[in-house]
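Here is the structure we will look at, set down as structure tokens.
The values are calculated or read from the model by the stated rules, or taken from the named source; none is laboratory data. Please read all numbers here as calculations on a predicted model, not as lab measurements. A quick note on method: Cβ atoms are made from the backbone with ideal geometry, for glycine too, and the neighbour counts reach across all protein chains shown. To get the accessible areas, we keep the full protein, side chains included, count just its heavy atoms, and leave off ligands, DNA and RNA. Shrake-Rupley method; radii C 1.70, N 1.55, O 1.52, S 1.80 Å.
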Amino acid sequence: MSSRASRRPGARVLYLSYDGMTDPLGGSQVLPYLFGLAAKGHQITLISCEKFERSEEERSFVSRACADAGIDWRPLAYHKRPQILSSMYDVRQMWRLAALLHRGRRFDLVHCRSYLASLIGLRMKRRLGVPFIFDMRGFWADERVDGGIWNLAKPPFLAVYRYFKRREAEFLAEADHVVSLTEEGRKILLERRGGMEGPPIALIPCCVDFDAFPAVNSRARAEARRLLDITTEAPVVAYLGSWGSWYLTGEMLDFFKVQLERDPSAVFLIVSREPAEQIISEARSRGISQDRLIVRLASRPEVPRLIAAADYGLFFIKPVFSKKASSPTKMGEFLSLELPVVTNGDVGDVEPILTEAGAGVVVDDFSAAGYGFALDKLAALKPDMVRWRAAARRWFDLDTGVERYDAIYRSILS
């Protein structure tokens, strides 16, 4: 990164995120971008909602990193209960702080991550005249339904869903710039316009810091397996991230069971914050012994060191409407490590990316026969690391993502 003295003058930016910076998502999909944008001369104030259970060490790490980058981080407390009302309270707190800070700093723009933050961005534009970016991150209200979080058979959830779908239309009409994670999502938004004018829609997938996720070599693999007590010969399947909701955990375990039938020494490595007991119990219910599972909680720097033990990455996602706008972070991270990927289609741009990269297998049939066919294709895959990494960089390179956000900021400034 360039020194502060060599930066071009940038925008005074208020960045709003309901996701916490001490959460894995904040650490991988917010802070790296903001550090890059601060290095380009933008003055960034960051408001986020942080969970009570995060440790003081995690908070201190984020605080120091933001201070070193010249970012003014203003964490607020996240509240989970009661549902809906707690979110309303958090949004109100964010609005009060945002309005207070704007009086002193006169922000040039407000960058809103997803829908709850965009409620504040829209309000700041209407009341205070501050341009705002709707960084939509997917069809959030539909994700809540598809993930089983909102049951539309219950009137309160139906009312909230309808409210956010109305607000979604307002965000898309009144934002100064919209960011979509996928080309599939961008197409849907353009089709909805029906040829009418609207704000520009940029495509910026969930990006990866390729320096933090270097290609796995034999030494890194051997060290990871030694650390996890995995033999050299055992096939290792890796999963990374949240367990449950719209992730098809049962189907992933069934896939691994087929792998086990082929080689009983196979290991399923799951790096997640979810309780290990929950995952182990689900595996047992499908006839998978606990000794074939390794469930680990890992800090952000530890993740690539552990995943280096794997032979390939696995994830299945519900192929529902909301996921057309989804860009799985774990996919870019697996490809950055130069691990092939096994996944399913009808999710964002996953299938065209794997087709271009030639770095994985798309499962078309959630059955034992379909899983066996996918394992055969995986075994026949011819590694082409140059092609894999080039395709991964084209889609997921963090520096490219930062450049695109910088261009958006400067287009609003001008």
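Quick check: net charge around residue 223, other residues with Cβ under 14 Å of its Cβ, Lys/Arg +1 and Asp/Glu -1? Combined, the nearby Lys, Arg, Asp and Glu give +3.
Counting Lys and Arg as +1 and Asp and Glu as -1 over every other residue whose Cβ lies under 12 Å from the Cβ of residue 25, the net charge comes to +4. The share of C-alpha pairs in segment 329-394 whose separation exceeds 14 Å stands at 54 percent.
Each listed q (0.11, 0.18, 0.23, 0.24 Å⁻¹) maps to a log10 I(q)/I(0) for segment 202-292 from the Debye sum over equal C-alpha point scatterers, namely -0.40, -0.96, -1.26, -1.31.
Stretched out fully, how many nm does the piece from residue 51 to residue 351 gain, at 0.36 nm a residue minus the Cα gap?
Numbers: separation 300, 0.36 × 300 = 108.00 nm, distance 3.44 nm.
Gain on extension, residue 51 to residue 351, equals 104.6 nm.
Kirkwood's formula applied to the C-alpha pairs of segment 22-154 gives a hydrodynamic radius of 16.1 angstrom. Set against the 2.2 N^0.38 Å expectation for a compact globular protein, the chain has a Cα radius of gyration ratio of 1.00. Normalising the average separation of contacting C-alpha pairs (under 8 angstrom, six or more residues apart) by the number of residues puts the relative contact order of segment 40-140 at 21 percent. Take every Cα pair under 8 Å whose residues are at least 6 apart in sequence, average their separation, divide by the length of segment 207-279, and the relative contact order is 37 percent. Report the residue, chosen from 20, 194, 358, that carries the largest GNM mean-square fluctuation when the chain is represented by alpha-carbon nodes joined by springs under 10 Å. Largest GNM mean-square fluctuation: 194.
Placing unit charges on the Cβ atoms only, positive for Lys and Arg and negative for Asp and Glu, gives the chain a dipole magnitude near 1760 debye about its Cα centre. Across q = 0.10, 0.11, 0.22 Å⁻¹, segment 242-389 modelled as identical point scatterers on its alpha-carbon atoms has Debye log10 I(q)/I(0) values of -0.33, -0.40, -1.76, in the order of the q list. For the chain, relative contact order (Cα pairs under 8 Å, six or more residues apart, normalised by length) works out to 15 percent. Using only the C-alpha atoms, the convex hull of segment 145-299 corresponds to 186 Å³ per residue. Of the residues 264, 52, 328, the one whose Cα sits farthest towards the positive end of the charge dipole of the chain is 52 (charges of +1 on Lys and Arg Cβ, -1 on Asp and Glu Cβ, taken about the Cα centre). Taking the 1.4 Å solvent-accessible surface of the chain as the whole, the part contributed by carbon and sulfur is 52%.
With each label point set 7 Å from Cα along the Cα-Cβ vector, what nm distance links residue 394 and residue 300? Placing both labels 7 Å along Cα→Cβ, they lie 2.8 nm apart.
Listed by chain and number, the aspartates and glutamates whose C-alpha is less than 16 Å from the C-alpha of residue 51, apart from same-chain residues fewer than 8 away, are 19, 23, 90, 274.
The ellipsoid equivalent to the alpha-carbon distribution of segment 124-163 has semi-axes of 28, 14, 5 angstrom, derived from the gyration tensor eigenvalues as √(5λ) and listed largest first.
Average projection, convex hull of the Cα set of segment 184-240: 6.7 square nanometres. Separation of the alpha carbons by more than 28 angstrom is noted, of 165/318; 154/330; 125/318; 154/318; 257/318; 40/323, for 154/330; 125/318; 40/323.
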